[in-house]
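FYI, it's all coordinate maths here, none of it is from the lab. It should be emphasised that the depicted structure is a prediction, and the values quoted were computed from it without experimental measurement. So basically every Cβ, Gly included, is an ideal-geometry build from the backbone, and we count neighbours across all protein chains shown.
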Amino acid sequence: MTQPSFVPIPEVDQVRPAYRLRLPGHWSQSRPGELLDPLQPTGSLLGKPGPDQGFALKLARRFEDHLELEPGESAEDAIAGCTACAMRRAAFFGRAPAVYDLRFAFTLWGFLGGAPADLIEARGALFRSAGHHYDAQRAIADSVAEAALRLTPEAVAGRLDEWWQLLNIRKSL
């Protein structure tokens, strides 16, 4: 509100001049991480974004005591690889990860028991040091066929010994 000049007021209460901001200069999208297209890019090692995917890491710790690991396998590697697989499944449905996504991933890769010998042999090389390498985690998540992502954990567990090869893309193993 303006102050008339004829009203006596102390100097500290007088309105000070406004601070004028300068006009911003030219801006362009030039940073490497910015998207130039309205759609998310797709391709190798890019994954699929989804809401609150980090929550899968918290949920994965619930399975740590139930994992059936072979000699030479690490719980950290199994959790990292299966978490990436669970995040992909959750993003496929456009939602945040749930415990069912992790149960699906751990069951699919045979870490909750009932894994055939050829699956255990195939997952050994794929999961080795996955806890330390993003490329290995992406390879595990990308190796699961899209049709398999639609299955429930119970459906996967029921026929894992018969057709786990159909659930995974064999060329990546």
Open item on the list: I want to verify a result. In a Gaussian network model of the chain, Cα cutoff 10 Å, which of these has the top mean-square fluctuation: I79, I120, I140?
Closed with: I120
Task: Selected from Q29, Q40, Q53 as most flexible by GNM, with the chain as the system and alpha-carbon contacts under 10 Å - done: Q29
- [ ] Choose one of L57, I9, P38: the residue whose Cα lies farthest towards the positive end of the charge dipole of the range 1-68 (beta-carbon charges +1 Lys, Arg; -1 Asp, Glu; about the Cα centre).
- [x] I9
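Specify whether the C-alpha gyration tensor of the range 1-66 places it in the rounded, prolate or oblate class, a ≥ b ≥ c being the square roots of the eigenvalues: rounded for a/c under 1.5, otherwise prolate if a/b is larger than b/c and oblate if not.
Values: a/c = 6.23, a/b = 2.25, b/c = 2.77.
Verdict is oblate for the range 1-66.
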Task: Cα point-scatterer Debye curve for the range 36-173, base-10 log of I(q)/I(0) at q = 0.18 Å⁻¹ - done: -0.96
TODO: Would you mind working out the magnitude of the charge dipole of the chain relative to its Cα centre, with +1 at each Lys and Arg C-beta and -1 at each Asp and Glu C-beta, to the nearest 20 Debye?
DONE: 700 debye
